[in-house]
Amino acid sequence: MNQARRYLPLAGVLAVVIGAQILASATGKAFYLTQLTMAAYYCLLIIGLCVLMGYAGQISIGHAGFFAIGGYLSSALTSHDFSAHAGTLFMRTLDRAGLLLHHQSLYGESLLSFQPWLAFAIAVAVAILIAFLLGIPVLKLKGHYLAMATLGFGIIIYRIVLAAEFFGEADGISEVPPFILLPGLSVSGDFAARVQNYYIAWGLLLAGMLLLLNLINSRTGRALRAIHGSEEAAEAIGVNTARAKLYTFVLSAAFAAVAGSFLAHFNGGIGPSEASVMKSVRYVAIVAVGGMANLWGAMAMGILLNFMSLRGMFGSYDDAVFGAILILIMLFAPQGILSLFPGKVFGTRTRAGK
Amino acid sequence: MLELHTVHKYFGGLHAVDGISFSVPQGAIKAVIGPNGAGKTTLFNLIAGVLGPTTGRITFKGRQIQGLKPHRIAALGMSRTFQNIKLCHGMTALENVMLGRHIRSRAGFLAGMLNLPFTWQEEKAIRRRAMELLELLEIAEFADSEATSLAFGQQRAVEMARALATEPELLLLDEPAAGLNIYETAEVARLITRIRDMGITVLLVEHDMSLVMDISDEIVVLSFGAKIAEDRPEAIQKNQEVIRIYLGEAEETA
């Protein structure tokens with residue numbers, strides 16, 4: 001079996017992750033860790049999208065929408081005051097189960113919100129449900145038509161978060177509380193917890209990589225690549241192509257929602273730009289730069305480009321840079337930027353061999 | 001094994017398949033022939049579930065299958081190859097054949113993601129069986145080559161191995177000799193008889209008369225969507241109607 005070969009690169013990345021943290025802390029540049037943490041969360045969405053686009057061959061220009069569903073629902077449920085509904089049976093039951101959080105506002109009013117774990121579960125479940133309901137009709141479409149339909153979905157989510165008071169309209173939601181994963185381990189923007197958060201984000205990303213690497217090397221992964229290779233053949237051979245595409249779509253939406261939820265807690269808030277279509281285009285561009293059917297490429301580019309963007313290296317031309325990247329990559333390196341280098345450092349095309 | 005009962009298919013005003021009935025007995029090699037545009041491929045697509053018949057019944061192993069999706073029909077034990085070979089690009093020959101084991105294995109999304117131990121055994125068995133089939137079709141040396149980069153005849157063999165990997169009871173071959181020279185055609189003929197000898201019923205659509213006459217047990221002749229003859233090869237060769245259609249066609253196109 002080639003299991004060791006599959007996991008070795010993950011161990012290598014983990015070593016680099018630890019090394020980077022030690023180096024950054026030792027040289028007094030710990031502020032880099034903040035952007036590396038955020039980049040890791042965006043990257044979680046990107047690797048999910050990579051499996052959908054590169055392996056199953058289905059495009060989505062609406063994944064910022066799923067990211068926003070995760071981030072906004074987590075934020076709204078944990079930071080809004082639901083004490084007006086405290087008397088309802090539903091809220092009383094949740095309260096008795098210890099799933100609600102009683103806290104006080106700056107002015108001493110008592111507030112009632114959802115526990116972050118519950119909010120997180122609801123947010124991801126809603127994203128999964130919406131992905132299901134959306135996926136069933138739109139995944140019947142192919143190529144440009146699928147792109148248009150997912151784009152339409154992304155626009156709808158963007159307009160909803162901009163318009164709904166519940167989601168803070170143009171201001172978004174701020175003062176999102178920390179997400180206490182375990183006692184002493186919480187997702188928050190607290191400077192003291194920077195290192196801890198760096199490892200939470202990277203742990204989550206590497207766990208996601210592990211799951212997806214397993215998936216693409218499994219029977220299901222082979223079926224997904226077959227759909228990409230020839231949908232008619234896959235169907236004739238007994239692959240339920242509609243279901244395989246739908247599950248992959250839902251899976252990638254779940255990755256996006258998890259990423260959105262964690263990042264919202266880390267940033268302590270979320271704004272409508274996270275739901276914008278340009279964000280979705282950016283994710284597609286990064287998957288393309290990474291080489292489409294190349295999880296490692298998607299991850300490497302996801303970290304690099306997001307880090308550069310978050311450090312402000314592209315200035316006010318941020319979105320333009322990603323548009324330009326998309327055009328250039330399609331023209332000159334449709335197999336991804338890494339294909340331009342001989343030797344294939346990241347050559348991880350899955351092989352059935354040995 | 002397979003029975004068609006007055007199957008009709010209209011494409012708008014075009015009557016592509018006109019009330020065709022015939023049956024394919026178990027263990028036989030049956031061929032469907034006819035001039036271009038006779039409706040052979042449409043008929044094939046109706047059987048494999050790519051298209052649904054306008055009216056009529058198709059039963060497979062006593063079960064009605066018209067209107068079922070191709071993947072459901074495949075799961076019932078019917079497998080096919082394509083006239084214009086459809087191998088999955090970006091996958092090796094071996095992977096293409098392994099894909100054929102899809103319906104004979106069960107690791108799903110979650111099991112795959114979690115890399116559960118039972119999937120290891122399953123993958124091993126899938127790979128072993130796929131390799132055996134490549135050996136059976138004498139193309140094992142190309143196992144790790146990109147399938148779509150192989151020579152035409154080899155691609156045909158990979159596609160056939162993939163179809164066999166599903167362990168079909170009925171194998172549909174859509175013009176298996178198309179684009180092959182006479183040596184390769186003879187090779188394909190040998191292969192098809194071997195497949196039949198393994199106990200698999202074969203239904204083929206074919207243009208190449210030599211292939212059809214040599215190996216078929218029974219032949220159905222189509223013209224303009226209708227069945228005009230169904231008989232043993234020797235009788236078909238003497239059938240005046242069939243000769244008229246084929247020679248007439250030849251004269252017109254000459």
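The values are calculated or read from the model by the stated rules, or taken from the named source; none is laboratory data. Small disclaimer: the values here were computed from a predicted structure and weren't measured. Glycine also receives a Cβ, built like all others from the backbone with ideal geometry; neighbour counts cover every protein chain displayed. When the accessible area is computed, the model is the full protein with side chains, heavy atoms only, and any ligands, DNA or RNA have been set aside. Shrake-Rupley method; radii C 1.70, N 1.55, O 1.52, S 1.80 Å.
What the table below lists for this structure:
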item	result
Binned Cα-Cα distance frequencies in region A:3-340 - 20 Å width, integer %	31, 57, 12, 0
Assigned charges on the beta-carbon of Lys, Arg, Asp, Glu; region A:3-340 dipole about Cα centre (debye)	1080 debye
Packing-based ranking, highest mean first, of A:329-340, A:246-257, B:19-30, B:73-84 given that Cβ atoms within 10 Å are counted	A:246-257, B:73-84, B:19-30, A:329-340
Using a Förster distance of 22 Å, the FRET efficiency for A:A11-A:L185 (Cβ separation, nearest 0.05)	0.45
Region A:56-114 and region B:164-198: distance between their alpha carbon centers, rounded to Å	62 Å
Debye, to nearest 20: dipole size of the protein assembly as shown, +1 on Lys, Arg Cβ, -1 on Asp, Glu Cβ	1200 debye
Charge dipole (debye, nearest 20) of chain B; +1 at Cβ of Lys and Arg, -1 at Cβ of Asp and Glu	1140 debye
Average beta-carbon neighbours from other chains, 10 Å sphere, peptide B:63-71	3
Rounded to 10°, Cα long-axis angle of helix A:143-163 versus longest principal axis of chain A	10 degrees
Listed residue pairs exceeding 23 Å between alpha carbons, taken from A:K140/B:K69; B:K69/B:K227; B:K30/B:K238; B:K30/B:K227; B:K30/B:K61; B:K69/B:K124	B:K69/B:K227; B:K69/B:K124
Ranking by accessible area, most exposed first, for B:M91, A:M301, A:M278 with a 1.4 Å probe	A:M278, A:M301, B:M91
Taking all pairs of distinct alpha-carbon atoms in chain B, Kirkwood radius in angstrom	19.1 Å
Spread of Cα-to-Cα distances over 10 Å intervals beginning at zero, given as percent, for the protein assembly as shown	3, 15, 22, 20, 15, 12, 7, 4, 1, 0, 0
Distance (nanometres) between label positions extended 7 Å along Cα→Cβ at B:S145 and A:L340	3.3 nm
Test item: A:178-189 mean partner chain Cβ contacts at 10 Å	0
In Hz, Karplus ³J(HN,Hα) per residue of region B:79-84 (6.51, -1.76, 1.60; θ = phi - 60°; x = Gly, Pro)	10, 9, 10, 10, 4, 9
Between 0 and 90°, nearest 10: helix A:63-79 axis offset from chain A longest Cα axis	20 degrees
Residue among B:L133, B:L180, B:L87 with the largest mean-square fluctuation in a Gaussian network model of chain B, springs linking Cα atoms under 10 Å	B:L180
Cα-based reach from B:K86 at 15 Å (exclusive), listing aspartates and glutamates while leaving out same-chain residues under 8 positions away	A:E231, A:E232, A:E235, B:E95, B:E146, B:E159, B:D174, B:E175
